[in-house]
Every structure is written in C-alpha cells, then in structure tokens.
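Novice: Dumping the structure here so I can ask a few things about it.
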Ligand code: CAA
C-alpha cells in the first residue's frame, strides 16, 4: 500500500492518499492501494472511516499522464476500475467521511462523493474539469454530483468545467461544513467519534437503508427500511440501548 497510508485511532480508521508529488492523482497503483486499504479494515474493531489526502491536495483527479495514451477500450476499462472501487467505498459497511484538505478535482471530487459525508478546509477546491481535457467525468461524477447537489447545478459544473471554492461547495450542499486547515482533521475525528459511540449495527443498517432506498421507489424503499429496522432487534446493542434509556443511563455498545 505504498500510495495509501492507514492508521487506526480507537474505533476510527484513517485512510490517507499519499502521492503528494502528483497532488495525489489516481493512477492504477493508487487505486489498487486505496482498495487494499478498505479491504484490510477490520469491521469488528472499526466503526467509522475518514479519508483524506497528504499535502496540499485531497486528490487532483485521475492521472492525466496515464490516461493520455489510452484507447477507447482502455479508457472504458480504467473507468470501470475506478468506478468499482468507488462503489465499494460507497457501499462499504461503515460510514466514510471525506476530510477534503485541498484540491478535489475530477476523480478527487468523485472520490469525495462516494463517501457518505464530506467536510472540507477553507483551502479546498472542487470541480469536474474533465471536459477541458476532452473527456467526461469517469469515476461517477456524471451520476453522483446531480444526486448530491441537484441536477441543475451539477450540469453547470460538469458542462462548464469550472472549479468552485469551499464556501460555494457549502452553499450548493457538496460539503456539510468548512473548517480552517488545522481544524479539519480534528473535526473529522470528532464527527467519526460521535458516530462510533452509537450502536454500530444500527449505524450500519442506517447506511444500507439510506443507500439501498435511493435505488428504488418509495414503496420498495420503506420495505428496505422495515427489514433493516427489524434486523436491529436481533442485536444485543438494541437491548442494551433501550435498557440504558429506561434506567436513565448510557449504553456502551458492543457491536453485537
Ligand atoms: N494527473 C497527473 N498529474 C497531476 C494531476 C493529475 N490529475 N494533477 C496534478 N498533477 C501533477 C502535475 O503534473 C505536477 O507534476 P510535476 O511536478 O511533475 O510537473 C504536480 O502534480 C503538481 O501540479 P501543478 O504544478 O499543476 O500544481 P499547481 O498547484 O500549479 O496546480 C492544480 C494544481 C490546479 C490542481 C493542477 O495541477 C491541475 O489542474 N491538475 C489537474 C486537475 C484535473 O484536471 N483533474 C481531472 C483529471 S481527469 C479525471 O479525473 C477523470 C475522471 O473522472 C476519472
């Protein structure tokens, strides 16, 4: 995992894309390392994950040098390669927070969008500049941006290819909050810590219900919720959480 570092602080895993010389641009190796980092996360001892970038960039996009000589078939395969990994992150059982410390362009914004929650530093810059390179966004940008910020603004950003700063990203709902660079990781860890204190099986079921429900119509979506709501009653943590409430105490959840 040469281009991706993994650390664990308590129940929180921290994944850092670490190719600062190329502003953490995503080539096949970086993408493989990213996938390996997620594959190695222990679901018994981890309850939330934070993704960030080393240096001044979150991720400045897919590697333009690597893409410059691709054929149509290779381009499609590269798109699938990145999409499969980002979809794995999107459907990862634990909540994933993107702590966006700098450039989140092209594949970088797409990586951030495959995370559940986005917060950023006031130095962050967002955009889908692909049309300026003669391509479409290729790691989910044409699909996730509209779902997150609404299709009208998403089309403007994708067609015109201009970048936006943190304050605009907050205004359009691309990020939930903006912090100074020094405050960003502490804020991400605080939020991850708050999530980690909740009943882990319930949190995981919430993620699955919210993600899966978006794929289907409302009648099916509420059935998705009913099943996952019901599933929580199989857990010891549901019993502990409700018992603690009734006894006016606080439960220490066991992830069981
Ligand atoms: N791919 C490959 N290398 C990249 C890169 C990328 N996406 N982004 C930056 N780099 C490299 C630069 O080539 C440069 O390398 P050298 O030092 O070897 O020349 C190094 O990172 C530093 O970059 P800059 O000197 O350009 O730094 P800057 O601070 O002047 O500018 C920037 C920063 C505005 C982010 C600029 O680097 C930039 O515009 N990068 C490209 C952004 C982009 O277009 N991203 C979309 C890529 S396409 C994509 O992602 C497709 C998809 O959806 C899958």
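Values in this text are rule-based calculations from the coordinates and carry no lab data. Being a predicted model, the structure only gives us computed values, none of them experimental. Don't worry about glycine lacking a Cβ; one is built from the backbone with ideal geometry, like all the others, and counts go over all protein chains shown.
Novice: Could you give the distance between the Cα centres of the range 27-47 and the range 204-256, to the whole Å?
Specialist: Their Cα centres are 26 Å away from one another.
Novice: What is the ratio of the Cα radius of gyration of the chain to 2.2 N^0.38 Å, where N is its residue count, to two decimals?
Specialist: Normalised Rg, Cα atoms only: 1.04.
Novice: Within a 10 angstrom radius of the beta carbon, how do 45, 71, 142 rank from fewest other beta carbons to most?
Specialist: Ordered by Cβ neighbours within 10 Å, fewest first: 71, 45, 142.
Novice: Expressed as an acute angle from 0 to 90° and rounded to the nearest 10, what is the orientation of the C-alpha long axis of helix 28-39 relative to the principal long axis of the chain?
Specialist: Helix 28-39 sits at roughly 0 degrees to that axis.
Novice: Under the rule a/c < 1.5 gives rounded, and otherwise a/b versus b/c splits prolate from oblate, where does the range 39-85 land using the Cα gyration tensor?
Specialist: oblate
Novice: Considering only C-alpha atoms, what is the centroid distance from the range 122-197 to the range 73-121, in Å?
Specialist: Result: 11 Å between the Cα centres.
Novice: Oh, and also: Report the equivalent ellipsoid semi-axes for the range 90-175 in whole Å, largest first, defined as the square roots of five times the eigenvalues of the gyration tensor built from alpha carbon atoms.
Specialist: With the √(5λ) rule applied to the range 90-175, the semi-axes are 18, 15, 12 Å.
Novice: Turning to a different aspect of this structure: Percent antiparallel among DSSP beta bridges with both residues in the chain, to the nearest 5?
Specialist: That works out to approximately 25 percent antiparallel.
Novice: So what does the Cα-only Debye profile of the range 1-125 read at q = 0.22 Å⁻¹, as log10 I(q)/I(0), no solvent term?
Specialist: So the normalised log intensities are -1.32.
Novice: Mark the label point 7 Å from the Cα of residue 165 along Cα→Cβ and return the residues of the range 117-131 whose backbone N is within less than 17 Å of it.
Specialist: The answer is 120-127.
Novice: Kirkwood Rh over Cα pairs of the range 160-256 into Stokes-Einstein at 10 °C, 1.306 mPa s: D in µm²/s?
Specialist: Stokes-Einstein gives a translational diffusion coefficient of 97 µm²/s.
Novice: Compute the orientation-averaged projected area for the range 132-183 from the convex hull of its Cα atoms and round it to one decimal in nm².
Specialist: 4.2 nm²
Novice: Also: How would 233, 38 line up from fewest to most surrounding beta-carbon atoms within 10 angstrom?
Specialist: So the ranking, lowest neighbour count to highest, is 233, 38.
Novice: For residue 190 and residue 222, calculate 0.36 nm times their separation in residues minus their Cα-Cα distance, and state this gained length in nm to one decimal.
Specialist: 8.4 nm
Novice: How far, in degrees from 0 to 90, does helix 181-197 lean away from the longest principal axis of the Cα atoms of the chain, to the nearest 10?
Specialist: On a 0 to 90 degree scale, this one is about 40.
Novice: Specify the angular offset, from 0 to 90 degrees and rounded to the nearest 10, of the alpha carbon long axis of helix 236-246 from the longest principal axis of the alpha carbons in the chain.
Specialist: Compared with the principal axis, the helix lies near 60 degrees.
Novice: Please report 130, 35, 28 as a ranked list, fewest other C-beta atoms within 10 angstrom at the top and most at the bottom.
Specialist: Fewest-to-most ranking of 130, 35, 28: 28, 35, 130.
Novice: Starting from one equal scatterer on each C-alpha and no solvent at all, send me the Debye-based log10 I(q)/I(0) for the range 171-218 at q = 0.19, 0.26 Å⁻¹, two decimals.
Specialist: For the requested q values the scattering log ratios are -0.84, -0.96.
Novice: Here's something else I'd like to know. Rounded, prolate or oblate: which fits the range 200-246, taking a ≥ b ≥ c as square roots of the Cα gyration tensor eigenvalues, rounded meaning a/c under 1.5, else prolate when a/b beats b/c?
Specialist: Taking the square roots of the gyration eigenvalues as a ≥ b ≥ c, the range 200-246 is prolate.
Novice: Here's another thing I want to ask about it. Can you tell me the relative contact order of the chain? Whole percent, Cα pairs under 8 Å, sequence separation 6 or more.
Specialist: 16 percent.
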